[in-house]
Amino acid sequence: MPIDREVIRPPKKPPLILRMMVILLFVMACGVYICSIYSIQISAYKIAELLNIKVMDQQCNATNIKPSEIPYVHYPKPKTYNRGECACNPVRFFAILSLQRTGSGWFETLLNSHINVTSNGEVFSPRERRTNITTIVKTMNEVYRLDWFSSASKNECTAAVGFKWMINQGFYRHRRQILKYFKKRGISSIFLFRKNILRRMISVLANSHDKDARPLNGTHQSHVYSRKEARILAKYKPTINATLLLSELRQEVEETAEAIDFFKRTRHMVLYYEDLINNRTNLNLKEVQEFLRLPYRELSSSQVKIHTAPLSMQIQNWEAVREALEGTPYERFLYEN
């Protein structure tokens, strides 16, 4: 009699779709895990990088600077060289705002005699640099980035950098945009004018004459460095238009006052040539150094003053000028040095 045997069947394989889904889930889980590890590493790297940058900034800002002074402290990064060990030396930005023949050249040589100051002269004297606000800003950016090179440049370890700007060299025309730039960049304004603008007028006329006459060995010299040269240039006695004199003096006084009033919203100081030249204790020069937060130094210049005689000896038509100004608010200019 046959024996019944239990037939054992092999288990059924899961459907192909189910197996593929399991494999896909496994791959996705592995992908999520790997991505999470990678993102953690990237985040850690970014945090470390940010912390590193923060430490660098803290190193550069580690000086004892008052909160009110922070907008006027800068750490320029030149494109043309590396400041090296001076990279974290704070730099102040300034501009000397003046008019021709006010002693601004002499004043600038005084500033540049300081080991930590770079004042780059009349950078806007060439017309192409002041044709519009774009070229003006481009030039200023180059100066304040310490990429402007002149005979006064001290570059790496300078503590104050600037230039002088005659207010009739595009300054007044673009004054609103320039004011905005000054405030945004934290630029300190140093106004330098003459109290006796009649003497400035004489100096302007004499300098204009020298450009054509060239009495110093056939060369034009706006500034001289010996008394002999000064005496030669002082021999010329200009003739002043007495008819227009009063209106010209009034116009200059008004324009000067308006420029100071407009830019008083910047950090500024006002200087007068007569105060600087007559102050034997150099009190004004101390104030300038304090204004720029510089270590105090005795400042010096080798320039020699050209016109030193009374005005009656320097003006060809003195009597006509005297009559035009007597009894007016500008009469004092006739006798003030």
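The values are calculated or read from the model by the stated rules, or taken from the named source; none is laboratory data. In this text, all values refer to a predicted model and were calculated from it rather than measured experimentally. A quick note on method: Cβ atoms are made from the backbone with ideal geometry, for glycine too, and the neighbour counts reach across all protein chains shown. SASA here: full protein model, heavy atoms, side chains in, ligands and nucleic acids out. Shrake-Rupley method; radii C 1.70, N 1.55, O 1.52, S 1.80 Å.
Some points to look at:
- Over the Cα atoms of region 188-238, the radius of gyration divided by the Kirkwood radius equals 1.05; this is the Rg/Rh ratio.
- Additional length obtainable on full extension of the chain from residue 132 to residue 66, 0.36 nm per residue less Cα span: 20.1 nm
- Heavy-atom accessible surface of region 245-287: percent carbon and sulfur, 1.4 Å: 46 percent
- Rolled with a 1.4 Å probe across the full set of protein chains, the surface gives residue 287 an accessible area near 80 Å².
- Of the solvent-accessible surface of region 96-187, computed with a 1.4 Å probe and all protein chains present, 49% belongs to carbon and sulfur.
- For region 191-306, averaging the sequence separation of C-alpha pairs within contact (under 8 Å, six or more residues apart) and dividing by the residue count gives a relative contact order of 41 percent.
- With protein chains left intact and a 1.4 Å probe, residues in region 258-305 average 58 Å² of accessible area per residue.
- In this structure, the residue pairs whose Cα-Cα separation is over 32 Å, taken from 264/286; 180/286; 235/264, are 235/264.
- Environment charge at residue 289 (Cβ cut-off 12 Å; Lys +1, Arg +1, Asp -1, Glu -1): +1
- Here the Karplus relation 6.51 cos²θ - 1.76 cosθ + 1.60, evaluated at θ = phi - 60°, turns the backbone of region 196-210 into coupling constants of 8, 6, 5, 5, 4, 4, 4, 5, 5, 5, 5, 5, 5, 5, 5 Hz, with x for every Gly and Pro.
- Cβ-derived FRET efficiency at R0 30 Å, residue 226 paired with residue 86, nearest 0.05: 0.25
- Positive minus negative residues near residue 110 (Lys, Arg vs Asp, Glu; Cβ under 11 Å): -1
- Fraction of alpha-carbon pairs over 21 Å apart in region 64-139 - percent: 48 percent
- P(r), alpha carbons of region 195-337 - 10 Å bins starting at zero, rounded %: 10, 32, 33, 22, 3
- Accessible area in square angstrom per residue, region 132-187, 1.4 angstrom probe: 45 Å²
- Applying 1/(1 + (r/R0)^6) with r as the Cβ-Cβ distance of residue 258 and residue 185 and R0 = 25 angstrom yields a FRET efficiency of 0.65.
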